[in-house]
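Here's the structure we're looking at; comments come further down.
The values are calculated or read from the model by the stated rules, or taken from the named source; none is laboratory data. Keep in mind it's a predicted model, so treat the numbers as computed, not measured. Cβ placement follows ideal geometry from the backbone for every residue including glycine, while neighbour counts extend to all protein chains displayed. Heavy atoms of the whole protein, side chains included, go into the accessibility calculation; ligands, DNA and RNA do not. Shrake-Rupley method; radii C 1.70, N 1.55, O 1.52, S 1.80 Å.
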Amino acid sequence: MIPGFEEFNVDLLGVLKRRLVHQLDRMQPEILTQQMAEFVPDVQGVYQLFHKGELVYIGKTDAKRGLRNRLSRHAEKILHRPTLIDGVRFKSIRVMVFNATDVETLLIKHYRHHSPGKTRRSQDRSIPWNGGGFGSNDPGRERETTNIAPDGFDMQHPIDIDIAHTWIEADGHPDMFHEGDMSVAELLQALKHALPYTLRFETLRSPEGHALPSRPHQDMVNARVRVPPAPQTVRSLMEAVVAALGPEWQATVFPSHVILYKEKWDYAHGRIIGGGPSTP
């Protein structure tokens, strides 16, 4: 012993994990929609997502706020994925102390190893959307052109570009749509803003070779397109765009997103829009 000195150790993270697990397990999950997400305070916290009663994802916010925004983004991501319609539910808890990253890791480890029915063989496949691409952003050109397979979430729950909807804003008034003539650039920018998944198209580049997201390719600025009457599908809009741009252009749909480039390219995991009756 050292005179005048002793050690005191409390497993604060362990206590926090046990309390959080207890509170999460007694909660009833709610359907995940953007409307329901609006009721959640915009605070720091952790959350769980469930699909068909199975825990599929554990997430957290990175700052002192953001829980509402994160759930809203997830609610948007699952839109237009037919396998997930009205099928995802959530639980969320505000965490007022500690680093949310540590709490997220603790919860993932706990539920992977202690959930009912889990065996040693199934542990690696539990909470499948963690590490399965659910939280990923735009995969980018490298993943497409090198034919890297999409992540598990997108392969299991691909987008549907054949859902009829009213997509294009008219005269600057949100949620009002019309049949009319506009530039391809205007249509694409409006569609990109409205879609619940990524639409990426070719843009001008800086002298250093970097893409300029706010500067569509000049062909898109020059070309005019007749907007199909509502309701439209993303397929019908992109077919109209390609017809207006000409045969040098190609639109391709992947399980997670849609692209439009001045190219002729055979993608292993994408399908040319207009080249088949259904999405991948």
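For the structure I just gave you, tell me whether Phe134 is under 29 Å from Gln250 (Cα atoms), modelled with pLDDT of 85 or more, open to solvent by less than 70 Å² (accessible area, probe 1.4 Å) and not in a loop (DSSP other than H, G, I, E, B). Reasoning before the result, please.
Values: under 29 Å from Gln250 (Cα atoms): yes; modelled with pLDDT of 85 or more: yes; open to solvent by less than 70 Å² (accessible area, probe 1.4 Å): yes; not in a loop (DSSP other than H, G, I, E, B): no.
The answer is no for Phe134.
Report the residue count in region 257-275 for those that are open to solvent by less than 30 Å² (accessible area, probe 1.4 Å) and either in contact with a Pro (Cβ under 8 Å, 6 or more places away or on another chain) or touching a residue at least 24 places away in the same chain (Cβ under 8 Å) (or both).
Residues meeting the conditions: 8.
Between Thr33, Thr83, Thr61, the distinction of being in contact (Cβ under 8 Å) with a residue 12 or more places away in the chain, in contact with a His (Cβ under 6 Å, 6 or more places away or on another chain) and under 29 Å from Ser256 (Cβ atoms) belongs to Thr83 only. Every condition in (1) in contact (Cβ under 8 Å) with a residue 40 or more places away in the chain; (2) under 22 Å from Leu84 (Cβ atoms); (3) open to solvent by 30 Å² or more (accessible area, probe 1.4 Å) is met by Glu38 except one, and the failing one is (1). Residue count for region 6-36, restricted to those that are out of contact with any strand residue (DSSP E or B) (no Cβ under 7 Å at 6 or more places or on another chain) and either at positive phi or not aliphatic (A, V, I, L, M) (or both): 16.
The conditions of being assigned to a loop (DSSP other than H, G, I, E, B), in contact with a Ser or Thr (Cβ under 8 Å, 6 or more places away or on another chain) and modelled with pLDDT of 80 or more are not met by Ile127.
Taking (1) over 17 Å from Ile78 (Cα atoms); (2) at pLDDT 80 or above; (3) not in a helix (DSSP H, G or I) in turn, Arg141 satisfies each apart from (3).
If you go through region 172-192, how many residues are modelled with pLDDT under 80 and under 24 Å from the mean Cα position of the chain (by Cα)? Before you say what the answer is, go through the steps one by one.
Restricting attention to region 172-192, the residues satisfying the condition of being modelled with pLDDT under 80 are 172-180.
Narrowing the set further to residues that are under 24 Å from the mean Cα position of the chain (by Cα) leaves 174-175.
Residues meeting the conditions: 2.
Checked against (1) without any contact (Cβ under 8 Å) to a residue 60 or more places away in the chain; (2) open to solvent by less than 40 Å² (accessible area, probe 1.4 Å); (3) of a type outside the set (A, V, I, L, M), Phe254 meets all criteria but (1).
Here is a yes/no grid of residues against (1) under 18 Å from Val184 (Cα atoms); (2) within 26 Å of the chain's Cα centre (by Cα):
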| position | (1), (2) |
| --- | --- |
| Pro207 | no, no |
| Pro228 | yes, no |
| Ala243 | yes, no |
| Ser256 | no, yes |
| Leu260 | yes, yes |
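A count restricted to region 48-101 and to residues that are surrounded by 14 or more Cβ atoms within 10 Å (Cβ to Cβ), outside any helix (DSSP H, G or I) and among the polar types (S, T, N, Q) stands at 3.
Please go through region 200-231 and give me each residue that is in contact with a His (Cβ under 7 Å, 6 or more places away or on another chain) and under 18 Å from Val258 (Cα atoms), ordered by number.
At the first step, the residues of region 200-231 found to be in contact with a His (Cβ under 7 Å, 6 or more places away or on another chain) are 200, 202-204, 231.
Arg200, Glu202, Thr203, listed by residue number.
In region 193-224, the residue that is modelled with the lowest pLDDT out of those that are open to solvent by less than 40 Å² (accessible area, probe 1.4 Å) and part of a loop (DSSP other than H, G, I, E, B) is Gly209. Filtering region 144-159 to residues that are surrounded by fewer than 21 Cβ atoms within 10 Å (Cβ to Cβ), part of a helix (DSSP H, G or I) and not β-branched (Val, Ile, Thr) leaves Gly152, Met155, Gln156.
Can you pull out every residue in region 107-124 that is open to solvent by 50 Å² or more (accessible area, probe 1.4 Å) and either modelled with pLDDT under 85 or assigned to a loop (DSSP other than H, G, I, E, B) (or both)? It would help to see each step written out before you state the result.
The first filter runs over region 107-124 and keeps only residues open to solvent by 50 Å² or more (accessible area, probe 1.4 Å), leaving 109, 112-114, 116-121, 124.
Result: His113, His114, Pro116, Gly117, Lys118, Thr119, Arg120, Arg121, Asp124.
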